[in-house]
Amino acid sequence: DQQVKQNSPSLSVQEGRISILNCDYTNSMFDYFLWYKKYPAEGPTFLISISSIKDKNEDGRFTVFLNKSAKHLSLHIVPSQPGDSAVYFCAASAFNFGNEKLTFGTGTRLTIIP
Amino acid sequence: DSGVTQTPKHLITATGQRVTLRCSPRSGDLSVYWYQQSLDQGLQFLIQYYNGEERAKGNILERFSAQQFPDLHSELNLSSLELGDSALYFCASSVQTGSLAYNEQFFGPGTRLTVL
């Protein structure tokens, strides 16, 4: 039962353009959402997060949008840079005090074309 | 560098064997999480420890066990290994301040386990 889905296994974007990565979830109990970035041979690195009480969170070139009614979130990267090439994982958590386990999607491999 | 360390980096063993993976959390972090990433899969939550006590369990097999020691490092023990246990195993830690704010998890570099 895949509760967090990233339907695009890969995405290629021209340098300088906008990258949009999408994520869908099915569990309405999720109330916190995160994006992690992963380079080969490294662990996931936290990128940006959003609470379910918000619909947008911005941090520099990265913006996450949350549409609760559609159970959909997206990560926008603008402008895209070659160093953004990595696998991006969407993750979700249903807050349960003391237990913040993450449910991950399967990832989207982003390639920025110079 | 996330501040979370994992050893060993790579482990190659045979079916039926037992291995131990080690994780040291970031300084000050009380919670340790273990995740498994199989080929082309997302990370699957296995188990969480908080200050030495088991806090939550996910899809962890009975052949697997974990513990967190007084110095807060954690070990994941995998026994009677099968070919399908080959995967990347990640440890993550978070501060768990006790507040209602979510505490992000910081991941180690992982241990790649290959069962032959």
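Couple of notes before you dig in:
- Fraction of beta bridges assigned by DSSP in the protein assembly as shown that are antiparallel (%, nearest 5): 90 percent
- Label point distance in nm, A:Gln2-B:Glu75, each placed 7 Å from Cα along Cα→Cβ: 3.7 nm
- Shielding value for B:13-24 is 0, the average number of Cβ atoms from other chains within 10 Å of each residue's Cβ.
- Low-density loop positions, trypsin sites (Lys or Arg not before Pro), the range A:52-85 - DSSP coil, at most 13 other Cβ in 10 Å: A:Lys54
- Counting Cβ atoms of other protein chains within 10 Å of each Cβ in B:103-113 and taking the mean gives 4.
- Counting Lys and Arg as +1 and Asp and Glu as -1 over every other residue whose Cβ lies under 11 Å from the Cβ of A:Val78, the net charge comes to 0.
- Per principal axis, descending, Cα span of the protein assembly as shown in whole Å: 49, 40, 33
- Theoretical FRET efficiency, 1/(1+(r/R0)^6), r = Cβ-Cβ of A:Ile18 and B:Leu83, R0 35 Å, to 0.05: 0.25
- Counting only Cα atoms, the size of the range B:37-91 along its three principal axes is 33, 24, 16 Å, in decreasing order.
- Residue of A:Phe46, A:Phe65, A:Phe89 that the Gaussian network model of chain A assigns the largest fluctuation, springs spanning Cα pairs under 10 Å: A:Phe46
- Estimated Rh, chain B: Kirkwood, alpha-carbon pairs, angstrom: 14.2 Å
- Relative to its Kirkwood radius, the Cα radius of gyration of chain A gives an Rg/Rh of 0.96.
A short reminder: the numbers here are calculations on the coordinates, not readings from a lab. All figures in this text were calculated on a predicted structure; none of them were measured in a lab. Neighbour counts are summed over all protein chains in view; Cβ atoms, including those assigned to glycine, are modelled from backbone coordinates with ideal geometry.
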